[in-house]
Every structure is written in C-alpha cells, then in structure tokens.
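Asks: I'd like to ask you about the structure that follows.
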Amino acid sequence: PHLAALVLARGGSKGIPLKNIKLLAGVPLIGWVLRAAIDAGVFHSIWVSTDHDEIEKVAKQFGAQVHRRSPEVSQDSSTSLEAITEFLNHHHEVDIVGNIQATSPCLHPSDLIKVADLIQKEGFDSVFSVVRRHQFRWSEVKKGENKMTEPQNLNPAKRYRRQDWPGELYENGSFYFAKRHLIEKGYLQGGKMAYYEMRAEHSVDIDIDIDWPIAEQRVLSFGYFGKEPLKEVKLLVCSIDGCLTNGRIYVTEDHKEMVSYDYRDIVGIDLLKKRGIQVRLISDRDCSKTLSAMQLGCVAKVNVTNKLQVLKDWQEDMDLSWKEVAYLGNEESDVECLKQAGMSGVPADACAAAQKAAGYICKSRGGCGAVREFAEHIFLLLEKVNSARKQ
C-alpha cells in the first residue's frame with residue numbers, strides 16, 4: 001500500500017505570521033518534521049499541503065512534494081480532515097495518509113518507523129500519537145455556579161505519588177495515520193485503532209503549550225539532527241565579506257578601502273578559541289590589509305578562487321572528519337563548502353542559494369552579530385554532544 005506523509009501548512013496564522021516556516025533553532029519549523037519523515041524511509045511519498053508560495057518554496061527545499069490546497073480548505077474554519085480529504089481526491093495512488101503536524105519539531109524517524117509497522121504489518125486502520133501525563137484533573141466550576149469542584153481522577157485522601165501512578169494518556173497531536181477508506185467515511189480515528197506513546201521530551205507542541213524561545217531550547221536538547229551522530233566541532237571556517245563584515249566596502253578619496261565589523265563577532269571568535277575551536281577565515285578577494293588591521297590572530301586565506309579546495313586542505317591538514325568542521329558563508333561561492341561541512345550556517349541576508357544549502361540560518365545579518373550567533377549555536381550543539389556522551 002502507498003503510504004504518504006502529509007504535512008498541512010496553511011499560510012494564515014492568527015498567532016505568528018507564516019509560523020510554519022519561521023526559523024526555529026536556525027531551521028524552518030516545517031523542516032524539522034520533513035527531515036524526520038524523509039530519514040524514516042517508510043513513506044512512498046512526502047507532501048506538504050499549502051496555499052502559500054513561500055511555504056511551497058521551503059517544502060521543496062527540504063525534499064517534499066507540494067499539493068496546492070484550494071481556498072475552500074484554507075480558511076480559519078477549515079478542518080484537517082477537509083484538507084486531507086481534498087489531498088486524497090487529487091492523489092488516488094495513496095492508500096494510507098500519515099498526517100504529521102508541522103508544530104511538532106521534536107519528532108524522530110524512529111517514531112514514524114514504528115507507526116508505519118503498526119499500520120502496514122499489524123493491520124491497524126488508524127494510529128495516533130499520545131503522551132503520558134501525571135496531572136490530577138478537577139471538575140470546572142463556572143462563575144456564578146453554587147457548587148464545589150470535584151476530583152476527576154484521584155482520591156484527595158489518598159493522593160498518588162508520581163512513581164506509584166502510571167498517569168494518563170493524552171493526544172499530543174504529533175501525527176495521525178489513517179487508511180483511505182476510513183478518511184473517506186469522515187474519520188481520522190476509527191476502525192481497528194492503536195495509539196503510539198511518544199517520549200515526553202519529544203512531545204513538543206508549539207501551538208498549545210510552549211513559546212518560541214522555550215521550543216528552541218527543547219529542540220536543541222531533544223530534536224532530530226540527522227542520521228549521522230553529532231560530533232564536537234573543532235574548526236570553524238568563516239567567509240569574511242558578508243559574514244564577518246556586512247559586505248560593504250567604503251572607498252576614501254585617496255583610494256583606501258574601509259569596512260565595518262561588529263565587536264560582538266570578535267567576542268564570538270574569542271569564545272570559540274577559548275573552547276578549543278580553531279577559527280579560520282576565507283575570502284574571494286584580497287583583504288589582507290583589513291585582516292591585519294582587525295588583529296584577529298586567525299589563519300586566513302584570501303584571493304581564493306576555489307573555497308572548497310581550501311576547506312578540504314584545512315580539513316586534511318588538521319586530520320578532521322567533516323562532522324568536526326563548521327562553515328559560515330553567504331554567497332554562491334560558499335555553497336559547496338556549506339554542503340560539505342558537518343555544521344553550516346549563513347547570515348539572515350545571505351543569498352538564496354547559500355540559504356538553501358545551510359543547516360542554520362542566523363537571525364542576524366552579516367557584519368551585525370551573525371558570527372557570534374553561529375558561535376552560540378555551536379556551543380549549544382556541543383552541549384548536546386556532551387550530554388549524549390554521558391548517556
């Protein structure tokens with residue numbers, strides 16, 4: 001049977017405009033679940049249903065196909081079931097839909113693989129995600145009602161200790177898998193049903209119970225970063241023009257060049273060095289005088305015609321794996337380096353080709369704190385590496 005992953009990503013959002021492609025820990029929100037779906041390797045096709053051009057662009061960038069949903073199912077009042085039904089009406093080859101929420105960025109491929117087995121091998125008609133919670137519930141008393149609240153799932157005289165109570169299962173909205181015949185009858189849950197219990201730390205729903213800064217911390221701690229295990233970064237190579245500087249060159253009347261940089265970026269380089277990470281600089285043009293004036297104390301290569309070759313030479317000289325190399329670039333000449341490095345980033349104003357190749361897109365522009373921001377991102381991922389080692 002044809003199993004399709006389907007992410008519903010409408011352009012409208014009452015809370016955060018274009019939330020589905022807003023950067024979360026340097027990756028568009030929808031990118032986290034698309035990465036997990038692709039790496040799971042269980043889907044015959046992976047789709048994003050959207051009504052917005054920018055979301056379509058990001059979806060294709062992450063390797064998904066796009067279904068352009070109609071205005072009729074793109075309203076605030078439109079339901080997920082209506083959008084899924086419309087998708088099935090246009091894709092008759094699909095037998096099973098795995099509806100994955102874009103707002104669940106801590107989803108892992110291992111979860112999707114197990115759910116696919118429940119549907120395809122164990123014969124369930126629908127499977128949905130749940131999380132176990134240890135929360136005591138009480139009846140609601142509305143204003144003006146002359147009555148007392150009542151316990152719903154506990155005896156106040158004999159309150160459970162957490163370790164003595166298994167808790168309760170709640171839908172967390174991460175995904176809903178269902179067979180076509182069930183959806184055509186108007187159900188996402190029905191027939192032979194099963195739930196799939198997700199780990200609590202992977203159960204993050206930005207729509208409901210978490211704001212953006214907290215979500216970023218959760219994703220950096222518990223998110224899925226790809227098939228290859230993270231390694232400790234030992235080298236950062238940074239493009240000078242457009243990353244360390246803002247890319248502008250000021251020329252005085254006596255033909256001298258001047259550039260500007262952000263002191264926060266210099267601090268970021270110093271912090272990287274203190275953590276034992278080498279920082280090397282690279283440029284297409286001859287900016288040796290600028291580097292001399294900045295007194296950064298970094299190995300630098302200027303007038304470079306092939307940045308990738310220089311990067312490979314440095315990687316081999318230091319005897320590093322690519323997972324130990326980070327690269328910050330912003331132009332088309334940086335694209336191959338961004339693709340090769342284990343960790344890659346670009347400033348917010350990088351060219352489209354560089355943004356597409358990068359794993360992290362900074363909030364800061366080039367020459368305005370992007371190096372410092374990328375350094376902080378490296379430090380957070382190093383914490384994740386160290387945590388994994390301890391486990």
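The values are calculated or read from the model by the stated rules, or taken from the named source; none is laboratory data. These numbers come from a predicted model, not from an experiment. Reconstructed Cβ throughout: ideal geometry from the backbone, glycine too, with neighbour counts over all protein chains shown. Note: areas computed on protein heavy atoms with side chains; ligands, DNA, RNA excluded. Shrake-Rupley method; radii C 1.70, N 1.55, O 1.52, S 1.80 Å.
Asks: Pop the C-beta distance of S221 and H134 into the FRET formula with R0 = 22 Å and round what comes out to the nearest 0.05. Each step should come with its number before you reach the end.
Replies: Values: r = 21 Å, r/R0 = 0.94.
Calculated transfer efficiency: 0.60.
Asks: Here's another thing I want to ask about it. Taking 7 Å along the Cα-to-C-beta vector as the label spot, tell me the W165-S77 distance in nanometres, rounded to one decimal.
Replies: Going from the W165 label point to the S77 one covers 4.0 nm.
Asks: Next question. So, with +1 on the Cβ of K and R and -1 on the Cβ of D and E, and no other charges, what is the size of the charge dipole of segment 72-201 about its Cα centre, to the nearest 20 debye?
Replies: Working: 17 positive and 19 negative charges, 185 e Å.
That gives a dipole near 880 debye.
Asks: Moving to a separate point now. Rank P151, P166, P213 by mean-square fluctuation in a GNM of the chain with C-alpha springs under 10 angstrom and give only the top-ranked residue.
Replies: Result: P151 has the largest fluctuation of those listed.
Asks: Could you report the chain's accessible area per residue, 1.4 Å probe, as an integer in Å²?
Replies: Using a 1.4 Å probe on heavy atoms only, each residue of the chain averages 51 Å².
Asks: Then there is this: Measure off, as a whole percent, the carbon and sulfur share of the 1.4 Å-probe accessible area of the chain, all protein chains present.
Replies: After summing per-atom areas, the C and S share lands at 48 percent.
Asks: Under a GNM of the chain (C-alpha, springs under 10 Å), which listed residue has the highest mean-square fluctuation: L272, L281, L320?
Replies: Taking springs between Cα atoms under 10 Å, the residue moving most is L320.
Asks: If packing is taken as the average number of other Cβ atoms within 10 Å across a peptide's residues, how do 130-140, 44-54 rank, most packed first? Write out the running numbers ahead of the final one.
Replies: On the way: 130-140: 13.2, 44-54: 19.1.
In descending order of packing, they fall as 44-54, 130-140.
Asks: How large is the charge dipole for the chain, taken about the Cα centre, if only the Cβ atoms of Lys, Arg (+1) and Asp, Glu (-1) carry charge, to the nearest 20 debye? Walk me through the intermediate numbers first.
Replies: On the way: 51 positive and 53 negative charges, 243 e Å.
In total the dipole reaches around 1160 debye.
Asks: Which residue, V66, V141, V219, has the most motion in a Gaussian network model of the chain that connects Cα atoms within less than 10 Å?
Replies: Largest GNM mean-square fluctuation: V141.
Asks: Another question, then. Using unit Cβ charges (K, R positive; D, E negative) and no other charged atoms, how large, in debye to the nearest 20, is the dipole of segment 235-389 about its Cα centre?
Replies: Computed about the Cα centre, the dipole is about 480 debye.
Asks: With each pseudo-label sitting 7 Å past Cα toward Cβ, what's the K143-K22 distance in nm, one decimal?
Replies: The modelled label-to-label distance comes out at 2.9 nm.
Asks: Would you please put 112-119, 20-27, 371-378 in order of how densely packed they are, using the mean number of other Cβ atoms within 10 angstrom per residue and starting with the highest?
Replies: 371-378, 20-27, 112-119
Asks: Right, here's the next one. For the chain, find the longest principal axis of its Cα atoms and tell me its angle to the long axis of helix 263-274, 0 to 90°, nearest 10.
Replies: For helix 263-274, the angle is close to 80 degrees.
Asks: Report the one residue of F128, S110, T149 whose Cα lies farthest in the direction of the positive end of the charge dipole of segment 98-155 (charges on C-beta: Lys and Arg +1, Asp and Glu -1; origin at the Cα centre).
Replies: Selected residue: T149.
Asks: Do the sum for the chain: with -39,500 (n - 2.57) for every DSSP H run of n ≥ 4, divided by all residues, what is the mean residue ellipticity at 222 nm, to the nearest 500 deg cm²/dmol?
Replies: Numbers: 12 runs with 123 residues, N = 391.
Result for the chain, helices only: -9500 deg cm²/dmol.
Asks: Probe radius 1.4 Å, ligands and nucleic acids left out: which of M258, M148 has the largest accessible area, and how do the rest follow? Walk me through the numbers on the way to the answer.
Replies: Working: M258 105, M148 150 Å².
The most accessible residue leads, giving M148, M258.
Asks: Considering only DSSP beta bridges with both partners in the chain, what is the antiparallel share in %, to the nearest 5?
Replies: 35
Asks: Still on this structure, I have one more. Quick one: grab the alpha carbon gyration tensor of segment 298-391, order the square roots of its eigenvalues as a ≥ b ≥ c, and give me rounded if a/c is under 1.5, else prolate or oblate depending on whether a/b is larger than b/c. It would help to have the intermediate numbers written out before the result.
Replies: Details: a/c = 1.85, a/b = 1.16, b/c = 1.59.
Since a/c reaches 1.5 but b/c is at least a/b, the shape of segment 298-391 is classed as oblate.
Asks: Same structure again: What does the C-alpha gyration tensor say about the overall shape of segment 1-88? Classify as rounded when a/c is under 1.5, otherwise prolate if a/b is larger than b/c, or oblate.
Replies: oblate
Asks: Based on alpha-carbon centroids, what's the gap between segment 354-383 and segment 43-79 in Å, whole number please?
Replies: 28
Asks: Given the Cα-Cα distance of M258 and D286 and 0.36 nm per residue of separation, how much length would full extension add, in nm?
Replies: Stretched out fully, the M258 to D286 stretch lengthens by 8.8 nm.
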